[in-house]
Amino acid sequence: MEGRTEEFLDLKDYVTSIVDYPKKGIIFRDITTIIQSPQAFCQACDQLVALLQKMKIDVIAAPEARGFIFAAPVAYRLGCGLVPVRKPGKLPRKVITESYDLEYGEDTLCMHEDAIFPGARVLILDDLLATGGTVEAVRKLVEKLHGKVVGYAFVMELSSECAGRKRLETEDIPVFSLIDF
């Protein structure tokens with residue numbers, strides 16, 4: 001299959017670090033350079049599938065926008081559904097909402113009110129784990145619909161720069177990531 005390689009890549013080499021973006025003192029870890037490389041993108045998706053394939057997942061909940069990019073091929077390979085979690089005004093049917101704090105403000109996420117069936121085993125997948133606020137909001141949305149979060153998966157984690165894993169690990173739900181900064 002095009003893009004796949006037998007060579008194992010160090011995915012960290014495919015992350016571009018941008019100093020002082022979006023503001024001074026921040027190092028922005030740009031994951032779009034993984035997506036630009038067919039080999040790196042395929043390997044990231046394959047590695048996520050390998051980590052998750054024994055978890056009996058019914059659906060993946062993925063926050064916009066880069067979470068969608070990785071969640072779609074992983075959901076396809078795992079044979080499960082995909083629920084997009086979006087910003088207000090982006091979903092066409094009735095939604096439930098959850099607001100959460102950012103480092104410099106507040107944001108809100110939305111999910112269709114019929115996106116998750118009661119008792120569904122839900123994996124939350126995003127491109128990046130920083131503070132954990134976004135995926136914590138997604139977890140609350142899943143729980144409002146009586147789904148059960150069975151894991152969190154990320155392509156990249158900023159463990160030395162942020163404390164997202166510590167925030168999530170208190171919930172006794174496994175946390176997986178492929179790259180750690």
### Message
Return the residues of segment 38-67 that are assigned to a helix (DSSP H, G or I) and of a type in the set (Gly, Ala, Ser); say none if nothing qualifies.
### Response
Ala40, Ala44, Ala50, Gly67
### Output for segment 97-148, where each listed residue is in contact (Cβ under 8 Å) with a residue 40 or more places away in the chain, assigned to a strand (DSSP E or B) and buried (at least 18 other Cβ atoms within 10 Å of the Cβ)
Glu98, Leu109, Met111, Val122, Leu123, Ile124, Leu125, Asp126, Asp127, Leu128, Leu129
### Query
When you look at Tyr76, is it under 18 Å from the mean Cα position of the chain (by Cα) and part of a helix (DSSP H, G or I), yes or no?
yes
### Qualifying positions in segment 136-174 - of a type in the set (Val, Ile, Thr) and modelled with pLDDT of 95 or more
Val138, Val142, Val149, Val150, Val155
### Task
Spot the failing condition for Pro22; the list is (1) in a loop (DSSP other than H, G, I, E, B); (2) surrounded by fewer than 17 Cβ atoms within 10 Å (Cβ to Cβ); (3) within 16 Å of the chain's Cα centre (by Cα), and only one is missed.
(3)
### Query
Any residue at all in segment 52-72 that is open to solvent by less than 50 Å² (accessible area, probe 1.4 Å), in contact (Cβ under 8 Å) with a residue 40 or more places away in the chain and farther than 26 Å from Val149 by Cα?
no
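The values are calculated or read from the model by the stated rules, or taken from the named source; none is laboratory data. Just so you know, these numbers come straight off a predicted model, no measurement behind them. We place every Cβ from the backbone using ideal geometry, glycine too, and count neighbours over all the protein chains shown. When the accessible area is computed, the model is the full protein with side chains, heavy atoms only, and any ligands, DNA or RNA have been set aside. Shrake-Rupley method; radii C 1.70, N 1.55, O 1.52, S 1.80 Å.
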